[in-house]
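Asker: First the structure, then my questions, so here it is.
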Amino acid sequence: MNMPVDQQAIERDYQIKQQDYLELYQSSLEENDVFWLEKAKTLEWMKAPTQGFEGGFEPGNVNIKWFADGVLNVSTNCIDRHLVQRASDTAIIWEGDSADEDKHISFQELHDEVCKLANALKKLGVEKGDRIAIYMPMIPEAAYAMLACARIGAVHSVIFGGFSPNAIADRVNDCQAKVVITADAGRRGTKSVPLKANVDAALSNNACPSITHVLVFNAVGLDVPMGSVDVDAATILAECDSHCEPEPMAAEDPLFILYTSGSTGKPKGVLHTTGGYLVYAAATHKAVFDYQPGEIYWCAADVGWITGHTYIVYGPLANGATTVMFEGVPTYPDERRIGQIVDKHNINILYTAPTAIRALMAKGEFAGEGSSRESLRLLGSVGEPINPEAWHWYHRVIGNSRCPIVDTWWQTETGGMMITPLPGATEMKPGSATNPFFGIEPELVDNEGKALEGATEGNLIIKRSWPGQARTLWGDHERFEQTYFSTYPGNYFTGDGARRDEDGHYWITGRVDDVLNVSGHRLGTAEIESALVSHPAIAEAAVVGYPHDIKGQGIYVYVIPVAGTEVTDELSKEVVSWVRKELSPIASPDLMQWTPGLPKTRSGKIMRRILRKIAADDFASLGDTSTLADPGIVDTLIENRMNRG
Ligand code: WT7
């Protein structure tokens, strides 16, 4: 399975050399506090921390603190401290949806825009600790909004622009946000996303009573109706000063909430705090990309996800990097776009997701036409396991067979990269995330929690804390403990499975819980099921993932119609658009099977294992079905399975 890879990397004096990794890794574990306090020195503190980690993962008392006596402000670390020498250097290169639009924003401009927006928020009554929802397209103002919150100590909660009004309302209400920052509309390829209209729908009928104002940017020149809570951003910003004193924040003050899907219930408000998060974001960005001053770096994610938070905004800007922000999609106007953007801005480092790579790969060599991509020296992958075929294509076509690839495994909850190669220090293995980052102590355990040794496969846990770790779930610490620390008490459970090879390298095999990874987007089966059963024609639903060539996982939906319903193609189509509208287009069912029943145990539990096998066209190994209340249902399900040709 391991195809040979040309290991020749571009000649470069890498910060961390092969012989250094093991030694540094060992000492990062042995003297963990010393290691991280040293990394903390790369930031600018108003009061330097003297404490490293405090707390523990003990059941009933999960408590995580880093650098607790330190005081700092994230926005001054990302902006002001670079002004001294580099005020006119480019902080953000914005590439528009349309290939003829771009913008360079210097650190000075970034400072002024962020301060103005921070002052505008203050004018709207926002105070330290208030929550602000950000529902924006991929325009620089999205980054300004995040940094403006950080400047005044408000806690942002970015909501991905692809989410529907219901999803917005849920998130706003869970954290009781005071203000929503949005725009008239967003563009993605040929599509326009009606952001302001979605916010209006979310707030209609007083559904979000905590909201006092909606700040509306004009991104595409739409003439949107403005109601009583709406504030035109351009108007208020014109009255705001470009100086704003940064709020001194304790290291453990909240920086942001980001909602992510779990295997049960509503999305979870993952909370990240100030000091530890920024230290971790900066340290991983610098080491994993071997970032050197002056280099142009592009993370092609959306700020609506953790990747955008840590590796478009906070990590790179803390390191004074030039970070590229792309409004559009990699296939618009066609598959050559990524290469063209790389050439246009002389990009050195490209970080993207396997699903994007596979979408380009579907057109063969075409993606490499019309660009040389000679400026590239490093490629990164994130979000899901990268299949070796996609890895090789990425390496050869995008990277001209000369750039190392870092396959970075991490999660919303981990804040930053956890298991990843370091270019120049780690041998490349297509499909393997390889080694733990400094200070990270992974272990593979069996279902009983017994540690597995050597080359093996098991459930991936992390044994000790790291600065970027989520501290809690907003308003629900009990769920935090329950979700992450109760399965293997005393350890953080990732929800992922992994294999470890003879060299000790890790290969992430995917989720072992009921969380799906569709095109790198994380979705809970429970969320999709609850959207489905809210449709009047659906009595019951079960959702599983199945292997999908481009998306990684596709969404396979089993639905039981309400008695007396006539199942038609129109109804199926209507159900698909229902889910898109209720939840999000990213949750759109790929395959839908109407069924009179589901395989359940006598106690009423759905046996998803069987549903997953049927969805994957794998009927040979269904396992024991004798404990089912109605074993006959399995034959019916197989008979009516969706034929995928
Ligand atoms: C889940 C986390 C990491 C930021 C974006 C996604 C999967 C992530 C990899 C990788 C294999 C990966 C895991 C993880 N995942 N990166 N390099 N190789 N799997 O963050 O939405 O919180 O999803 O994405 O299953 O648990 P997220």
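Asker: Which of the GluC sites (Glu not before Pro) found in region 538-577 are loop residues per DSSP with 13 or fewer other Cβ atoms within 10 Å of their Cβ?
Answerer: 566
Asker: Treating only the Cα positions of region 403-458 as identical point scatterers, give the base-10 log of I(q)/I(0) from the Debye formula at each q in 0.15, 0.21, 0.30 Å⁻¹.
Answerer: -0.51, -0.90, -1.18
Asker: Taking θ = phi - 60°, what integer Hz values does the Karplus form 6.51 cos²θ - 1.76 cosθ + 1.60 yield along region 55-72, in sequence order, with x for Gly and Pro?
Answerer: x, x, 9, 5, x, x, 9, 6, 8, 10, 9, 10, 6, 4, 8, x, 10, 7
Asker: How do 399-407, 231-239, 149-157 rank on mean C-beta neighbours within 10 Å, highest first?
Answerer: Result, highest mean Cβ count within 10 Å first: 149-157, 399-407, 231-239.
Asker: Arrange the peptides 617-630, 134-147, 264-277 so that the one whose residues have, on average, the most other Cβ atoms within 10 Å appears first.
Answerer: Answer by packing, highest mean first, reads 134-147, 264-277, 617-630.
Asker: Give me the net charge of residue 88's neighbourhood, meaning all other residues with Cβ under 14 Å from the Cβ of residue 88; Lys, Arg count +1, Asp, Glu -1.
Answerer: Residues near residue 88 contribute -2 overall.
Asker: Which Cys residues of the chain have no other Cys Cβ less than 4.7 Å away and so no disulfide-compatible partner by this rule?
Answerer: So far as the 4.7 Å Cβ criterion goes, 78, 149, 175, 208, 240, 299, 403 stand without a partner in the chain.
Asker: In addition: For region 218-323, with the dipole built from +1 on Lys and Arg beta-carbon atoms and -1 on Asp and Glu ones, taken about the Cα centre, which of 221, 254, 243 lies farthest toward the positive end?
Answerer: 254
Asker: Ranked by Cβ crowding within 10 angstrom, fewest neighbours first, how are 285, 213 ordered?
Answerer: So the ranking, lowest neighbour count to highest, is 213, 285.
Asker: Determine Rg/Rh for region 460-588; Rg is computed over alpha-carbon atoms and Rh is the Kirkwood hydrodynamic estimate from the same atoms.
Answerer: 1.07
Asker: Rounded, prolate or oblate, given the Cα gyration tensor of region 176-245, with a/c below 1.5 counting as rounded?
Answerer: Verdict is oblate for region 176-245.
Asker: On to the next question. If you find the alpha carbon centre of region 487-522 and of region 179-193, how far apart are they in angstrom?
Answerer: Answer, in whole Å: 34.
Asker: Can you show me the helix-derived [θ] at 222 nm for the chain, built from DSSP H runs with n ≥ 4 at -39,500 (n - 2.57) apiece and divided by the number of residues, rounded to the nearest 500.
Answerer: -8000 deg cm²/dmol
Asker: How large is the dipole of region 415-571 about the Cα centre if only Lys and Arg carry +1 and Asp and Glu carry -1, each at its Cβ, rounded to the nearest 20 debye?
Answerer: So the dipole magnitude of region 415-571 works out to roughly 560 debye.
Asker: I would also like to ask the following. Given 37 °C and 0.692 mPa s, how large is the Stokes-Einstein diffusion coefficient of region 1-111 in µm²/s, with Rh as the Kirkwood radius over Cα pairs?
Answerer: Reported coefficient: 176 µm²/s.
Asker: Here is a follow-up. Would you mind putting 383-389, 367-373 in packing order, based on average other-beta-carbon counts within 10 Å, highest first?
Answerer: Averaged packing, sorted descending, gives the order 383-389, 367-373.
Asker: Regarding the chain, what's the average projected area of the Cα-atom convex hull, expressed in nm²?
Answerer: So the mean shadow area of the Cα hull is 28.4 nm².
Asker: Past 18 Å, Cα to Cα: identify those pairs from 450/600; 116/196; 450/613; 128/178, in the order given.
Answerer: 450/600; 116/196; 450/613
Asker: Can you sort 538, 550 so the residue with the fewest Cβ neighbours within 10 Å comes first?
Answerer: With the sparsest Cβ surroundings first, the list reads 550, 538.
Asker: Here's another thing I want to ask about it. For region 214-327, what Kirkwood radius comes out of the mean inverse Cα-Cα distance, in Å?
Answerer: One over the average 1/r among Cα pairs gives 17.1 Å for region 214-327.
Asker: Taking other Cβ within 10 Å of each residue's Cβ, how do 24, 637, 317 sort, fewest first?
Answerer: 24, 637, 317
Asker: Using the charge dipole of the chain (Lys, Arg: +1 at Cβ; Asp, Glu: -1 at Cβ; taken about the Cα centre), state which of 642, 546, 48 has its Cα farthest towards the positive end.
Answerer: Value: 642.
Asker: In addition: What residue among 142, 518, 386 has its Cα farthest toward the positive end of the dipole of the chain, where the charges are +1 on Lys, Arg and -1 on Asp, Glu, each on the Cβ?
Answerer: 518
Each value in this text was obtained by applying a stated rule to the coordinates, not by laboratory testing. Given the structure is predicted, the values throughout are model-derived calculations rather than measurements. Note that we place each Cβ from the backbone using ideal geometry, even for glycine, and neighbour counts take in every protein chain shown.
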